[in-house]
Amino acid sequence: MGKMINIQPITRIEGHASIGIQLDDDGNVADARVNVMSLRGFEKFVEGKPAEELPRIVNRICGICPWMHHLASNKAVDGCFGVVPTPAGHKLRELMQTISHAEDKLLHFFFLAAADFVIGPDSDYAVRNVIGIVKANPELASKVVKMRQMAKMILDKFSKKTIHPVAGVPGGFAKPLLEEERVDILDKMRQILDFAMFTMDFAKKEVFPKYLETIQSLGVIKTGFIGTVDDEGALNLYDGKLRLMKPDMTYEEFAPANYTDYLAEKIIDHSYGKFPYAKSWNEGFSMDLENPKGIYRANTLARINVADKMATPKAQAELEEFRSLFGRPAQATLLYHYARLIEEVYACERAIEILEDPVITDPDVRAKVEPKAGRGVGCVEAPRGTLIHDYSTDENGLITRANLIVGTTHNLGPINMSVNQAARSLIKNGTYDEGTLNKIEMAVRAYDP
Amino acid sequence: MKVNVASEWLNSCSGCEISIIDMGERLLDVLQVADIVHLPALMDSKYFGQMGDKSHLSIPKADVGIISGSIRNQEHVEVAEEMRKKCNIIIALGTCATHGGIPSLSNSYDNEETLDRYYSTESTDVENNKNDTGKGYPAKDIPKLLDACYALDEKIKVDIYLPGCPPHPDHIFHALTALVSGKELKLPEKSVCDTCPTIRKGKGDLKKLRRFLEAPLYGAAGESLDKMRCLLEQGFLCMGPVTRGGCGGDAKDPRCISARVPCRGCYGPVRHEGNQRLDMLNALVSNGIDINSLPESTSLLRFSGGHGMLRPKFKKKKEI
Ligand code: SF4
Ligand code: SF4
Ligand code: SF4
């Protein structure tokens, strides 16, 4: 056996993972894979805890998207206790989730991913980061920091705690929105929408055209997709039914509560995280690049592939342009970035719609709940993919069983495949450099794991 | 002169790093006086060299090392030890690093129980997953789990503690600017209650606590916090008395209370060595409140289960 290349840690991603590439004697790739390095065991340690406390415990799964866990958890507890949130409580949750999406995508695109494109994939690692962008383009950087901060502080100011939120509660939301707060947030979201449109244009002019060849080759694999749609088949981030699509575009739709009929998770020897696959396709699981089995993807590109349309006008126009360029379903992995920016536009437009709905300032934000035995499945689209929380409670409303499928994990199989594809096509006869290894990581970063 | 900063995350959620970014434009000011030499969340410096071919884990030298997250596996130990070796000052950032944090709730179980559950959930493909361990637990090229989840100072020496889940960006900013300018760092040493403006009249005839299943009374929608009766006095469990204050940052008001939600203790105990469960139960008992009205008490240590506070054997005893 030849050399082992150990890319550790994978950087500018949210989680903890490494890439191992085994070369053969000729310096070609024998095997390449992604190891998920940690396990915290939330599924076990939430047992016995009062269900209403879970939304404030499980949000610690992720500090980048704590709102997603917080709200999926609240929905699951609503289900266990058999309560329907008040209309204002429901809308406030969606508002927080949508603004959180808008903030998250700016963070990912500019703080984590952009350096590969703006500074360049082969540039020195010491400057290939957001600090490098700050130095190279201070004007753009200060605008980005300002806009991302504005989105983040809307959440912080209104909900009082946005990293590891507490304001979502079983039965609705903990505090109402005042009219003057609504007006202020609306004004800010309009500015962020303008910035989202600016970012879209910037990327369409300055980023994607320059990297078209890379986009069409790096980490490209062929898979199915999953995402949430509403009754009209439009993309929805907060609520709806799950659509699981095969590469040939045929699909099944199901209520999140029935997820175990459609999805299963495979235990993989080199990863603490389990790898989900499409059980309902009845073809098993394989990450073979030529002939994958059961593999589907989640997150931005998946959502815009499964959706027939976007529910808001500007995002719809962007989707049409995207489809005219790349078709449907688009399979190129780096297009996740493009899809992310389309969703950014949608999230801003949707937040504005919610803020224009009069129910949003209704003070009746929280229904009283009674602890009881039951089961609840809460599902939202997290920035990184479909997020499922599934709990059962005993008659005191204590958790007896919890199962979680976290957004990122749907993509573990596909990420492994993309890394394998990238490594095999970029490393030839022992020839590679730092830029090569960074490009392999770019195939991971597109998924924003 | 610029200060070199290295930052690492161990058994963590990235929230502490996002709180650093949430300094917003002040982050740009910090970058004027600090050079970041290692930060996996934002920068591409690698443990095994940029070509991935070194055999020993290495992190660049720095004046200040910031570490978030608890210690749960062998790799975390190696990274923490390397950081200690290469950095003059180590800051434990966040309650996971200072006290174990939420993931230390797993200390109520041994690893086998945790793994058994995770690898046999309703959606796990158990049948086709038996490997050489006979149990189907992953074991190849991934770091071995330690027997428990540890706070940072159980494994390496810590110089500065910045608790909070996550610490408020104001605190991170003050800590970094104090370090850069060589000034002494002053952090609040009071309890959350000491910073809480709610009305306290005494507990009255309160005997039992209620679970947080309905809204507390707080008057009209926009009524200020000093018009709301203390949540504990309204009969809801609130961990303010036994939790380190400061979560509101420069604005002062405790975050959760401002959201009309009781405190759950995310800043850890008031004194570093405090026991949030014991202190809270004592406080309740001495006020004549029936602690059997709490559905369980492990959750009172949800942020500080490291330092041996939570252990598997607890679950065999009767929980109060
Ligand atoms: S202290 Fe809180 S925010 Fe920081 S890593 Fe731990 S869970 Fe995340
Ligand atoms: S118990 Fe809670 S509500 Fe009452 S003063 Fe303390 S922190 Fe404030
Ligand atoms: S009120 Fe308590 S739980 Fe909430 S942020 Fe402050 S210290 Fe943390």
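The values are calculated or read from the model by the stated rules, or taken from the named source; none is laboratory data. This structure is a prediction, so every number in the text was calculated from the model and none was measured. All Cβ positions, glycine included, derive from the backbone under ideal geometry; neighbour counts span all protein chains shown. Surface areas here come from the heavy atoms of the whole protein model, side chains and all, with no ligands, DNA or RNA. Shrake-Rupley method; radii C 1.70, N 1.55, O 1.52, S 1.80 Å.
Considering chain A as a Gaussian network with a 10 Å cut-off on Cα pairs, which listed residue, A:Tyr259, A:Tyr336, A:Tyr238, attains the greatest mean-square fluctuation?
Greatest mean-square fluctuation among the candidates belongs to A:Tyr259.
Give me, ordered by chain and number, the residues 5 or more places off B:Arg210 or on other chains with an amide H under 5 Å from its own placed amide H.
When sequence neighbours closer than 5 places are left aside, the close amide H contacts are B:Phe236, B:Leu237.
At R0 = 60 Å, how high is the FRET efficiency between A:Ala255 and B:Ser297 if r is their beta carbon distance? Nearest 0.05 is fine.
That pair, A:Ala255 with B:Ser297, gives E of 0.95.
With r defined as the distance between the Cβ atoms of B:His56 and A:Ala136 and R0 fixed at 25 Å, what FRET efficiency is calculated, to the nearest 0.05?
0.15
Residue by residue through the range B:144-154, what is 3J(HN,Hα) from phi via Karplus (6.51 cos²θ - 1.76 cosθ + 1.60, θ = phi - 60°)? Round to whole Hz and write x for glycine and proline.
5, 6, 6, 6, 7, 9, 10, 6, 4, 6, 7
For peptide B:296-304, how many partner chain Cβ atoms fall within 10 Å of a residue's Cβ, on average?
What the average comes to for B:296-304 is 3.
What are the ³J(HN,Hα) couplings of the range B:17-22, residue after residue, when phi is run through the Karplus curve with 6.51, -1.76, 1.60 and θ = phi - 60°? Round to Hz, x for glycine and proline.
After applying 6.51 cos²θ - 1.76 cosθ + 1.60, I find 5, 5, 5, 4, 5, 5 Hz.
Between A:Leu186 and A:Glu290, 0.36 nm times their residue separation minus their Cα-Cα distance comes to what?
Here the segment from A:Leu186 to A:Glu290 would lengthen by 32.6 nm.
Cut-off 16 Å, label point 7 angstrom out along Cα-to-Cβ of A:Ala317: give me the residues of the range A:324-362 whose amide nitrogen falls inside.
In the range A:324-362, the label zone of A:Ala317 (backbone N under 16 Å from the point 7 Å along Cα→Cβ) covers A:324, A:342-350.
Modelled label-to-label distance, B:Glu112 and A:Glu370, 7 Å Cα→beta-carbon offset: nm?
4.2
In peptide A:61-70, how many Cβ atoms from other protein chains are near each Cβ within 10 Å, on average?
Mean partner-chain Cβ count within 10 Å for A:61-70: 4.
Please report the spacing between the Cα centers of the range A:232-289 and the range B:28-75 in Å, no decimals.
36
If amide hydrogens are placed 1.01 Å from N in the peptide plane, which non-local residues have theirs closer than 5 Å to the one on B:Tyr137?
B:Asn131
Ignoring ligands and nucleic acids, what accessible area does B:Tyr267 show with a 1.4 Å probe (Å², nearest 10)?
Its accessible surface works out to 10 Å², give or take rounding.
Every cysteine in chain B with no other Cys Cβ under 4.7 Å from its Cβ, please list them in numeric order.
B:Cys13, B:Cys16, B:Cys87, B:Cys96, B:Cys149, B:Cys193, B:Cys196, B:Cys230, B:Cys238, B:Cys247, B:Cys256, B:Cys263
May I ask you to order A:51-61, A:121-131 by the average number of other C-beta atoms within 10 Å around their residues, highest value first?
A:51-61, A:121-131
Report the trypsin sites (Lys or Arg not before Pro) located in the range B:261-313 that are in a DSSP loop and have at most 14 other Cβ atoms inside 10 Å of their Cβ, or state none.
Passing sites in the range B:261-313 are B:Arg271.
Please go through the residue pairs A:Lys105/A:Lys205; A:Lys91/A:Lys143; A:Lys279/A:Lys309; A:Lys3/A:Lys293 and name each one whose alpha carbons sit more than 23 Å apart in this structure.
Beyond 23 Å: A:Lys91/A:Lys143; A:Lys279/A:Lys309; A:Lys3/A:Lys293.
What nm distance separates the two modelled labels at B:Asn88 and A:Phe202, each placed 7 Å from Cα along Cα→Cβ?
Result: 3.7 nm between the two label points.
Can you give the mean number of other chain Cβ atoms that lie within 10 Å of the Cβ atoms in peptide A:277-284?
Other-chain Cβ atoms within 10 Å of each residue's Cβ, averaged: 1.
Could you work out which residue, out of A:Leu178, A:Leu106, A:Leu218, moves most in a Gaussian network model of chain A, that is, has the largest mean-square fluctuation with Cα springs under 10 Å?
In the Gaussian network model the winner is A:Leu178.
Give me a comma-separated list of calculated 3J(HN,Hα) values for the range A:295-303, in order, Karplus coefficients 6.51, -1.76, 1.60 applied at θ = phi - 60°, integers in Hz, x for any Gly or Pro.
Listing the rounded values in order: 8, 9, 10, 10, 5, 3, 4, 4, 5 Hz.
How much mean residue ellipticity at 222 nm does chain B get from its helices, if each DSSP H run of length 4 or more adds -39500 (n - 2.57) and you divide by all residues, to the nearest 500 deg cm²/dmol?
Estimated from H runs of four or more residues: -6000 deg cm²/dmol.
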